[in-house]
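Here's the structure we're looking at; comments come further down.
What follows draws every value from the coordinates through simple rules; no lab data is involved. Owing to the predicted nature of the structure, the values given are computational and were not obtained by experimental measurement. Positions of Cβ are backbone-derived with ideal geometry, glycine not excepted, and every protein chain shown enters the neighbour counts.
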Amino acid sequence: MPRNTKIDSTSKRTEQKEQAEALHQLNDKLDSLQVTPPRHLDAIASRLWGQLVPVLNESGLATSADKSTLEAFCMAYSVMRKAWDSIKAEGIVYQAESSSRTYKNPSVDILDKAQSQINSLGKQLGLSPQSRANLTDVNLSDQSDDFENIMAQFGGGQ
């Protein structure tokens, strides 16, 4: 007869901590990201690389294995900025000189796609608020009280 087992939050936290520790041990064997940006990045992407690499290296979660993801993130950011500059200069729509017809600025679609890429790649690198919160939750779980203790402090719980 199967025994009823209680699933508690501490077992999930323990599993998360073990996974985070395994990731840190694996990352310790890999080189950190190079501080100097790759030569093929333009000025905007290079500047972002220079701002992000120290933070990512200090966190210990990004390594040389993440170089291509960071490159793609920086390039998408550069494309986004250039598309936005085009939209600011030309507007969301424009009118062709030879007709009275109005056209959508192609930079609107380029901006949208670049923002989607930034969102996706940023999550992979731990650069979104949610992905940072998930990492912080795992790293700080030893320092925080469990739900029942918190409820007890406010007069709730059992």
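Rounded to the nearest 0.05, what FRET efficiency is calculated for S68 and A89 with R0 set to 35 Å and r the Cβ-Cβ distance?
Values: r = 32 Å, r/R0 = 0.90.
That pair, S68 with A89, gives E of 0.65.
Here the Karplus relation 6.51 cos²θ - 1.76 cosθ + 1.60, evaluated at θ = phi - 60°, turns the backbone of segment 111-124 into coupling constants of 4, 4, 5, 5, 5, 5, 5, 4, 4, 5, 5, x, 5, 4 Hz, with x for every Gly and Pro.
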